[in-house]
2 protein chains.
Amino acid sequence: MFARTLTFAVALTATAAFADPLPSWNDTDAKARIIAFVDGVTDADADTYVTPADRIAVFDNDGTLWAELPVYFQLIYGIDRIARLGKENPDFLTSDVLKAAAAGDMETIMASGEKGLLEIIDASHSGVPVDEFLADVRDWLGRARHPSTDMPYDEMIYQPMLELLSYLRDEDFTTYIVSGGGLHFIRAFAEEAYNIPPNQVIGSALNSSYKVIDGVPTVVKDPGIAFIDDKEGKPVGIDAKIGKRPIFVGGNSDGDFQMLEWATAGEGPRFGLIVHHTDADREFAYDRDGHVGTLNRGLDEGPDLGWLIVDMANDWSSVWP
Amino acid sequence: MFARTLTFAVALTATAAFADPLPSWNDTDAKARIIAFVDGVTDADADTYVTPADRIAVFDNDGTLWAELPVYFQLIYGIDRIARLGKENPDFLTSDVLKAAAAGDMETIMASGEKGLLEIIDASHSGVPVDEFLADVRDWLGRARHPSTDMPYDEMIYQPMLELLSYLRDEDFTTYIVSGGGLHFIRAFAEEAYNIPPNQVIGSALNSSYKVIDGVPTVVKDPGIAFIDDKEGKPVGIDAKIGKRPIFVGGNSDGDFQMLEWATAGEGPRFGLIVHHTDADREFAYDRDGHVGTLNRGLDEGPDLGWLIVDMANDWSSVWP
């Protein structure tokens with residue numbers, strides 16, 4: 001009985017080894033390079049072998065694991081929440097940009113620049129216990145729909161990247177998100193969407209504090225930025241939370257440049273990957289221009305640094321799950 | 001062959017289940033309560049069952065996992081490093097407290113209060129790449145000796161707590177350190193001393209930055225405090241890094257009160273543990289008074305909150321490994 005179970009398990013493993021780990025990737029160079037890298041670091045007899053404890057893989061979120069146009073989905077959530085808070089209490093709308101958010105006036109919001117956008121994030125993401133915030137984001141994700149695709153936001157995730165995450169985990173990598181987006185916002189869906197638990201999410205964060213409220217010990221989200229996990233902040237965030245230099249890094253914009261640069265400069269085998277949005281038919285096509293996901297250095301310097309530039313239109317056979 | 005290996009593995013597991021998981025704990029109420037809790041959360045048929053992903057255990061470091069008298073060992077490292085930096089470059093000693101540190105003048109150092117101590121930590125823990133800092137701490141641990149025991153500092157760890165960490169991990173808990181001490185300082189020895197990897201260390205931290213130095217991408221420790229992981233900071237640090245409320249928490253001072261309060265207030269089975277230093281013969285005896293490891297609220301309120309107060313002298317059969 002034991003022997004039979006084991007034989008069955010061995011047979012399953014053998015099947016898995018021959019199955020295609022990345023079925024939504026076309027048979028192009030991109031797929032071959034990823035598989036060759038993973039084979040190299042998992043082959044105990046190879047010079048390129050990396051012990052499982054050091055198989056750290058990190059991925060940006062917006063534009064790398066899920067879509068990011070027309071604007072970061074987190075901003076759309078923030079605008080929605082401000083509209084709801086303003087309805088409950090009009091005094092909450094203390095500035096022109098908050099009033100514009102409550103009215104859904106995207107033109108005024110976008111014209112307000114970084115300062116205005118941060119005010120929206122600050123006002124919509126603070127003054128609430130962490131648990132309530134997570135529940136509110138999940139509730140929003142359940143009813144909100146993307147303006148052009150009409151899809152739930154948490155279904156606008158990239159099937160080929162889901163397969164890459166699973167493949168890496170099957171090969172004993174630990175997979176992290178390292179995002180300029182909000183730590184708590186991403187945690188609200190990362191476990192269900194990507195199978196990435198809360199302790200493997202690194203992100204930007206507002207301040208937090210611990211308070212006993214009506215006798216209930218509570219961690220509360222407060223106004224003010226504690227950490228921006230973008231550009232030079234990404235290696236800093238990875239060091240603070242993981243304490244190891246990743247060997248596999250995926251991103252899509254110049255906000256990811258420094259973490260790719262740092263990780264791929266380490267000793268031993270390293271893999272840098274950039275998702276290049278080339279697919280206007282199935283998703284969006286954008287890179288050097290625009291206000292979201294701007295990609296210049298990665299295209300200019302990435303290939304010489306050995307990074308894989310994934311061409312969504314050519315390298316992926318499907319986009320959505 | 002497969003069947004025989006498996007039978008052997010089953011036999012080993014059965015032996016382990018009947019072996020004493022906490023051999024350095026006397027057969028007192030403390031040990032019985034710990035084992036009853038672990039049995040309860042790991043029994044899949046019990047109401048108290050907790051899924052492995054939620055078996056989060058966190059421990060303070062100074063005074064909980066290793067000793068902390070006559071002063072935090074990290075301060076002794078800082079003083080040693082300032083003396084070395086001052087020897088290389090006397091201009092580095094820009095203040096009276098740094099000069100006192102270089103001279104090993106503990107009286108002046110302690111009289112300088114929190115401001116002076118922070119200046120020593122700031123000056124000794126910054127201006128250095130993270131990797132070099134970790135190597136320097138390890139180097140120091142290899143040669144420094146405790147003033148009264150003459151033991152290496154990283155051997156002044158508590159054998160009963162090592163057994164508790166192993167026991168919890170054997171029962172599919174994930175064990176974290178949550179310390180007021182420095183993140184990088186603790187990481188330098190936590191994996192070897194406690195089997196706790198860098199991503200499971202939460203601590204106070206100075207600022208860090210990412211720089212390309214002579215073409216080498218580097219994360220550098222900078223002056224200035226980024227986060228104090230003490231008192232109200234501990235639940236905040238746990239939320240930021242783990243994102244779940246622990247079900248098992250160990251501490252020894254009032255700096256741990258809030259994390260015990262928060263964790264043990266959660267739903268379902270929870271365990272709060274306070275190491276009470278009652279053993280002047282084998283270690284030290286101290287609690288309500290003194291400048292390190294002050295314990296008042298834990299003794300006054302802990303028992304009513306259901307926390308276990310571990311009496312080192314009575315509950316532990318040995319202290320050091």
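The values are calculated or read from the model by the stated rules, or taken from the named source; none is laboratory data. Predicted, not measured: the structure shown is a model, and the values here were computed from it. Neighbour counts are summed over all protein chains in view; Cβ atoms, including those assigned to glycine, are modelled from backbone coordinates with ideal geometry.
Below, the figures for the structure above:
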item	result
Enumeration of residues in region A:55-69 that are farther than 11 Å from A:M161 by Cβ and either at pLDDT below 95 or β-branched (V, I, T) (or both)	A:I56, A:V58
Qualifying position, being in a helix (DSSP H, G or I) and surrounded by 13 or more Cβ atoms within 10 Å (Cβ to Cβ), among B:D80, B:D139, B:D91	B:D80
Qualifying helices (runs of 4 or more DSSP H) (wholly inside region B:203-321; at least 1 residues being away from chain A (no Cβ under 14 Å) and touching a residue at least 40 places away in the same chain (Cβ under 8 Å))	B:297-301, B:312-315
Among the residues listed as A:I196, A:I186, the single one being closer than 25 Å to A:D131 by Cα and either more than 12 Å from every other protein chain (Cβ to nearest Cβ) or touching a Gly at 6+ places or on another chain (Cβ under 9 Å) (or both)	A:I186
Considering residues of region A:16-72 that are touching a Lys or Arg at 6+ places or on another chain (Cβ under 9 Å) and aromatic (F, W, Y) only, the residue farthest from A:D289 (Cα to Cα)	A:F37
The listed residue being of a type outside the set (S, T, N, Q) and touching a helix residue (DSSP H, G or I) at 6+ places or on another chain (Cβ under 7 Å), out of B:E171, B:E155, B:E163, B:E192	B:E171
Search result, residues across region A:95-132 that are free of Cβ contacts under 8 Å to residues at least 40 places away in the same chain, within 25 Å of A:A226 (Cα to Cα), under 26 Å from the mean Cα position of the chain (by Cα) and surrounded by 15 or more Cβ atoms within 10 Å (Cβ to Cβ)	A:A101, A:I109, A:S112, A:G116, A:E119
From the options A:D230, A:D222, A:D256, A:D214, residue that is acidic (D, E) and surrounded by 24 or more Cβ atoms within 10 Å (Cβ to Cβ)	A:D256
